[in-house]
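Take a look at the structure set out below.
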Amino acid sequence: MRRLVTAFVIVMSFLCVFIDKCTVYADYLYKPVDAHITFTCQGIEGINGGKYQISIKAGSVEGPLPAKDIITVDENGKGEFVLHITEPGTYDYQVYQIKGSDKDVIYDETKYDVHVFVTSNENGMLEYTVAVNISNTDQKPDAVEFKNVAVEIPTENKLVPPDKSVETGDDFGSGLILLMLLTAMVGIAVILIHKRSSKES
């Protein structure tokens with residue numbers, strides 16, 4: 001009986017050591033890779049100093065998230081989300097812009113579905129490719145890009161500079177009319193004086 005117990009303990013010890021080695025080996029089976037999801041945000045003509053927030057969220061709980069899931073960029077700014085991936089698979093994300101509070105800006109509300117395909121080569125090294133499409137469409141842009149625009153001010157609210165040519169024309173017309181009135185009055189006066197002189201003579 002004692003021999004059976006001893007043999008059981010030896011077998012279990014061997015299995016524990018073997019399983020532990022397998023676990024350690026599994027942890028190093030793949031060399032992790034950092035996948036980069038890049039984006040750009042175009043500046044707005046006539047608006048300086050703009051700042052824009054770009055966010056990312058995973059399509060499933062299995063997808064690793066970057067250290068920062070919101071990145072703030074300046075106008076004409078570029079940024080990237082870095083994902084630390086440890087095993088092959090397909091990882092889905094959505095990248096979008098958080099609407100800002102500037103009333104003079106129309107924020108780009110485009111949402112991008114980003115798919116990261118991770119495979120391993122014969123040496124156990126992970127490799128990845130990235131594919132992008134606009135959410136709920138078949139459009140596949142070459143890059144994740146946000147284009148904000150300035151709010152257009154209605155024409156009736158714009159200050160229109162006075163038309164100097166029109167004003168000059170109005171002044172000229174008023175002067176001409178005044179000159180004609182004066183000429184007429186002088187003519188009438190001359191006629192009246194002439195008639196009075198004729199009567200007196």
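Every number in this text was worked out from the coordinates using simple rules, so none of it is lab data. Just so you know, these numbers come straight off a predicted model, no measurement behind them. Using ideal geometry, Cβ is built from the backbone for each residue, glycine included, and neighbour counts are taken over all protein chains shown.
Listed values, structure above:
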quantity	calculated
Sites Asp69 and Ser120 - FRET efficiency at Förster radius 25 Å, r taken between beta-carbons, to 0.05	0.40
Sum of side-chain charges, Gly79 neighbourhood, beta-carbon under 13 Å (Lys, Arg +1; Asp, Glu -1)	-2
Computed lengthening from Lys78 to Asp104, 0.36 nm per intervening residue step minus Cα-Cα distance	7.2 nm
Using a Förster distance of 41 Å, the FRET efficiency for Leu182-Ile153 (Cβ separation, nearest 0.05)	0.30
Lys, Arg +1 and Asp, Glu -1 on Cβ, resulting dipole of the stretch 27-150 about Cα centre, debye, nearest 20	280 debye
Approximate spin-label separation Leu192-Asp142, in nm, with each point projected 7 Å along Cα-to-Cβ	8.7 nm
